Amino acid sequence: MDGGGGPAGLWRFEDGGPQRRQSVAAALGIDPREELRVTTRLAPVVTMVVAGATGARYLLRHGAGPSATCTVEAIDPVTLEPLATSGELAGGPVWPGGIGVHDNGSIYVVFGNHAHRLDPQLRLLASRELPRQRPYNSFVPLPDGLLVTKDFGGSTPAHTLPRDQRVPCELVVLDPDLRIVDTLELPEPSVARLSADGDTVYAVGDPSLLRARWDGARLRLDPDFRPRYLVHAGQTYGWDCVIALGAAWFLDDGDGSERFNGSLRGNGLSSAPLHLVRVDLASGEVHMAEVCGAPGGLVANPPVVDERRGIAVAYDSGNGVLRAFGTTDLEPLWRREQDHGSHLLLYEESGELVTGDHEDVVVIDVATGDELARARTGWGIQSVLFPSPGSTRDFYVCSLMGVSRVEVVPPPAG
C-alpha cells in the first residue's frame, strides 16, 4: 500500500506514506514576481489534511481532556469549509492522532485509544477500543492492507511522565475491519510515530531504534537490530524516522515537546545539543551531526531527506535553527535562523521546501536555504503538525488553531 508520495492528489496518509518522505513529485514553480495567497479557517484543534482517490479532502480534528473525541470533516478544497462531518468519534487521552485513506476506499482514524473506519461519506463502519488506556499516535499501513499502531510512551500536556516511569510500548496490528490480529510488546518505551518500509515497521525507542517484520501471520521483533542513538549525557529521545537512502533519519532531544505554549522555542529540556541522527539499516551503524550546538534543543517531528540532491534538512525548534547537511558525510551546507516546528513538505522536482516561521509559512530552496516566498497564516501560534500538497500550485498547512490553504499567485496588478 502506497501512501501517495506520487501525484499530489494521492496524498492519502500523513507525510505522504509510511516511509515518511514528506515529499511530492511535483513543483510549485514560484517565480520571483509571484506571491503566496493564504485562505485560513480558524477551527481548533486541527491535525492534518489527506486526500481521497477522487480528490476529496478530509480534515482530522479533535477535542481536549482525558476523554476527548475526534471528528473527520470532508472540506471544500478551496474555501476549507466543511461539506460533511462524521460527528464525534470516541477517542480518549489526548495526543494528535492520524487519518488515512485505504486502498479499499475507507477512511481510517486513530485517536486517543480508539480506531475507526468510515466510508467516503463519513458514515461510521467500525470502531475498536485499543488495548491500553493511553494515546495512540496514529498508524502506518502495510502492503497487504493491515494497519499497525502503537501507544504513545511519553509526557502529554495533561500528564508528565518521568523517564524512569516510562514503560515499554506495544505494537498492535489491525485488519481492515479493525480486528486485532497480533500484538508485540517492544523492549523500550517509544514516543515517536511509527514508520514502515514494506512489511518492516520501525519504532524510534528510548534509547534505541527498533524494527519488527510482518511475516503474513505475526509481527516479529528483529533481535539483531537495536542500534543505540542515546549516547551523550543530557541527550533525550528521538522522534519519527524517515526511511530514505538505506537509512533511518530522525532528530533527538524530544523531551519538553509537551510544554508547547504556542511555540516550542525555549521549551527544550535537553542539556546535550540536538542531533540529526542517521542509522544505516543494513549495518546498524549510527552517525550524528549537531544541528546548532546549543543546549535546550527541542523537536517534535522528523527531518526531510532530498534523495535527488543528497540533502537532509534538520531543525532545532527549541533554539530556532534550520540546518541542511549532505547525506553522504553529514557535512553542513546551510543554516537559517527560523522558528520552524512542523513536519516538512518537499517538492522534489523543484527543490522547493515548505517550512514554518512561527505562524508564517515560508518556502525555501532546499539546495541553498534561500527564501523564495513567505506569507502569514493568521493562527497566532506555531505549527507543529502536518502539511500536505494540494491539486496544483497549492498546499495545506495545519496548526492547533486552524487550517490554511496556501496558493501561488501573481502579484496584484499595479
| task | Would you check which residues across the range 90-108 are over 16 Å from Ser67 (Cβ atoms) and not aromatic (Phe, Trp, Tyr) and list them? | result | Pro96, Gly98, Ile99, Gly100, Val101, His102, Asp103, Asn104, Gly105, Ser106, Ile107
| query | Assuming Gly91 fulfils every condition listed in (1) under 24 Å from Thr40 (Cα atoms); (2) of a type outside the set (S, T, N, Q); (3) not in a loop (DSSP other than H, G, I, E, B) apart from one, which condition is it? | reply | (1)
| note | When the range 22-56 is checked residue by residue, the ones that are within 27 Å of Ala244 (Cα to Cα) and either in a strand (DSSP E or B) or without any contact (Cβ under 8 Å) to a residue 24 or more places away in the chain (or both) are Ser23, Val24, Thr47, Met48, Val49, Val50, Ala51
| query | Can you tell me which residues in the range 317-330 are within 20 Å of the chain's Cα centre (by Cα), surrounded by fewer than 23 Cβ atoms within 10 Å (Cβ to Cβ) and either touching a residue at least 60 places away in the same chain (Cβ under 8 Å) or under 17 Å from Glu307 (Cβ atoms) (or both)? | reply | none
| said: I'd like the residue in the range 48-70 that is of a type in the set (Val, Ile, Thr) and surrounded by fewer than 24 Cβ atoms within 10 Å (Cβ to Cβ) and, out of all such residues, is nearest to Glu359 (Cα to Cα). | reply: Thr69
| message | Condition first: among the acidic types (Asp, Glu) and either under 30 Å from Pro141 (Cα atoms) or touching a Cys at 6+ places or on another chain (Cβ under 7 Å) (or both). Now tell me which residues in the range 9-50 satisfy that. | response | Glu14, Asp15
| Given the residues Arg309, Arg265, which is the only one that is more than 21 Å from the chain's Cα centre (by Cα) and not small (Gly, Ala, Ser)? | Arg309
| Neighbours by Cβ (under 6 Å, 6+ apart or cross-chain): first from the range 170-188, more than 11 Å from Leu221 (Cα to Cα); second among the aromatic types (Phe, Trp, Tyr) and surrounded by 18 or more Cβ atoms within 10 Å (Cβ to Cβ) | none
| task | Determine, yes or no, whether Ser190 is within 23 Å of Ile243 (Cβ to Cβ), touching a helix residue (DSSP H, G or I) at 6+ places or on another chain (Cβ under 8 Å) and not hydrophobic (A, V, I, L, M, F, W, C). | result | no
| Considering the range 331-357 alone, what residues qualify as being surrounded by fewer than 18 Cβ atoms within 10 Å (Cβ to Cβ) and part of a loop (DSSP other than H, G, I, E, B)? | Glu331, Glu349, Ser350
| request: Please find, within the range 116-139, the residue that is surrounded by the most Cβ atoms within 10 Å (Cβ to Cβ) out of those that are within 16 Å of Thr47 (Cα to Cα) and either in contact with a Pro (Cβ under 8 Å, 6 or more places away or on another chain) or aliphatic (A, V, I, L, M) (or both). | output: Ser138
| Is it the case that some residue within the range 104-118 is small (Gly, Ala, Ser), under 26 Å from Ala300 (Cα atoms) and touching a Cys at 6+ places or on another chain (Cβ under 9 Å)? | yes
| Filter result for Thr156 (surrounded by fewer than 17 Cβ atoms within 10 Å (Cβ to Cβ), out of contact with any His (no Cβ under 9 Å at 6 or more places or on another chain) and among the polar types (S, T, N, Q)) | yes
| Which of the residues spanning the range 94-121 are in contact with a strand residue (DSSP E or B) (Cβ under 8 Å, 6 or more places away or on another chain) and at positive phi? | Gly112
| note | Of (1) assigned to a loop (DSSP other than H, G, I, E, B); (2) surrounded by fewer than 19 Cβ atoms within 10 Å (Cβ to Cβ), Asp164 fails just (1)
| remark: Listed by first then second residue, the pairs whose first member lies in the range 384-409 and is over 21 Å from Glu34 (Cα atoms) and of a type in the set (Ser, Thr, Tyr), whose partner is in a loop (DSSP other than H, G, I, E, B) and modelled with pLDDT of 95 or more, with beta carbons under 7 Å and at least 6 positions apart or on separate chains, are Ser399/Trp379; Ser399/Ile381; Ser399/Ser383; Ser399/Leu385
| field | Pick from the range 358-414, criterion among the hydroxyl-bearing types (Ser, Thr, Tyr) and assigned to a strand (DSSP E or B), ranking: nearest to Pro96 (Cα to Cα) | value | Ser399
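The values are calculated or read from the model by the stated rules, or taken from the named source; none is laboratory data. These figures come from a predicted structure and were not determined experimentally. Virtual Cβ from ideal backbone geometry, glycine too; neighbours counted across all protein chains shown.
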